[in-house]
Amino acid sequence: MNKFMRAYTLTLFFLVFLFAISACAQEVDEEREWVPEDTEFYEPVPPVIEAQPAFLEPPSDAIILFDGTDFSNWKMLNGDEDVEWTIEDGVMTVTPGSGDIVTRDNFGTVQLYVEWRAPAEIEGDGQGRGNSGVFLQRRYEVQVLDSYENETYVNGMAGSIYKQYVPLANPASPPGEWNTYNIIYEAPEFNENDELVTPAYFTVIWNGVLVQNRVEVKGNTVYIGLPEYSAHGDDGIRLQDHGDLVSFRNIWVRELDNSPVWGDNLPWPEY
């Protein structure tokens, strides 16, 4: 065998070896057993700032989801018609262990306004303190958590897109005081083959402070593993029972994709 053939054979063997190693690594990653800590991180920590909740009354085109009187616009996530949470003095509160609730109507691209409050009496710490969540289309969560002097993984604190994006700041109200979320949510789009065409986006204003600036959602906000998309249409707005006495009031939504000037269909002049 001449030198050229020997070098060619060695190179070919090396490439086959690399391919085999790469294939094995990919197979190991696909079979990996994820644990929650794999997708949690603690730095950098958003700056703590002082801010006042930006209380808003619903505009004339808003759909009122909760006005403090009843659960007529809600049902249990498991399908039960009767909501097992409580209402007192115009405030709904999670009944721990009862399950999540979801709107009866489905929505796409929206502005969603929510006022929420962690319990005044501090119990637990980290994720075990005033934990709930606001899910758009049942799948994509803006975390609700008592984040006032409460250390946890920063992509799981209040104002985070759960386990995907850390809030730009921490303007949390003290326990027992109200917080406001003003959320702009752009729904994802899928083609006829159920392939993702356009991802979802979140903009979140927490207590009047911009904490998420049109961030691109990577898929379902999952507790364990990596996010991924699965095709869906309009779906409900979901509030989470995470075992804590979190309260909500004054919830309303505006359907942005119903506006005649939403999107890219404007009659732009030619230049």
- prompt: Which residues, counting only those in the stretch 235-271, are free of Cβ contacts under 8 Å to residues at least 24 places away in the same chain and touching a helix residue (DSSP H, G or I) at 6+ places or on another chain (Cβ under 9 Å)?
  reply: 263
query: Looking at (1) at negative phi; (2) surrounded by fewer than 15 Cβ atoms within 10 Å (Cβ to Cβ); (3) out of contact with any helix residue (DSSP H, G or I) (no Cβ under 7 Å at 6 or more places or on another chain), can you tell me which one residue 223 breaks?
result: (3)
query: From the set of residues in the stretch 132-152 that are of a type in the set (Asp, Glu) and closer than 22 Å to residue 99 by Cα, which is surrounded by the most Cβ atoms within 10 Å (Cβ to Cβ)?
result: 146
message: Looking for something surrounded by fewer than 21 Cβ atoms within 10 Å (Cβ to Cβ) and among the basic types (Lys, Arg) - is there at least one such residue anywhere in the stretch 153-163?
response: no
message: Just checking, does the stretch 107-122 include any residue being assigned to a strand (DSSP E or B), among the polar types (S, T, N, Q) and within 15 Å of residue 74 (Cα to Cα)?
response: no
task: Take residue 41 and decide whether it is under 30 Å from residue 230 (Cα atoms), among the hydrophobic types (A, V, I, L, M, F, W, C) and assigned to a loop (DSSP other than H, G, I, E, B).
output: yes
task: Would you point out the residue of the stretch 78-110, among those that are buried (at least 18 other Cβ atoms within 10 Å of the Cβ) and aliphatic (A, V, I, L, M), that is farthest from residue 246 (Cα to Cα)?
output: 110
statement: Only one of (1) small (Gly, Ala, Ser); (2) surrounded by 13 or more Cβ atoms within 10 Å (Cβ to Cβ); (3) within 29 Å of residue 76 (Cβ to Cβ); (4) out of contact with any Asp or Glu (no Cβ under 8 Å at 6 or more places or on another chain) does not apply to residue 233, and that is (2)
field: Spans of strands (runs of 3 or more DSSP E) in the stretch 150-234 with at least 1 residues more than 23 Å from residue 57 (Cβ to Cβ), free of Cβ contacts under 8 Å to residues at least 60 places away in the same chain and of a type outside the set (Gly, Ala, Ser)
entry: 196-198, 201-206, 209-216
Cβ pairs under 8 Å, 6+ apart, first in the stretch 122-143 and over 14 Å from residue 248 (Cβ atoms) and in contact (Cβ under 8 Å) with a residue 24 or more places away in the chain, second of a type in the set (Val, Ile, Thr) and surrounded by fewer than 19 Cβ atoms within 10 Å (Cβ to Cβ): 129/122
- request: Evaluate the following for residue 54: is it modelled with pLDDT under 90 and either farther than 20 Å from residue 118 by Cβ or touching a Gly at 6+ places or on another chain (Cβ under 7 Å) (or both)?
  value: no
message: Suppose we keep only residues that are part of a loop (DSSP other than H, G, I, E, B) and β-branched (Val, Ile, Thr) within the stretch 238-267. Which one would you say is farthest from residue 173 (Cα to Cα)?
response: 261
- request: Could you run through the stretch 244-271 and say how many residues are of a type outside the set (S, T, N, Q) and either at pLDDT 95 or above or closer than 23 Å to residue 60 by Cβ (or both)?
  value: 16
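The values are calculated or read from the model by the stated rules, or taken from the named source; none is laboratory data. If you're wondering where the values come from, they're calculated on a predicted model, not measured in any experiment. Glycine gets a Cβ as well: all are built from the backbone with ideal geometry, and neighbour counts include every protein chain shown.
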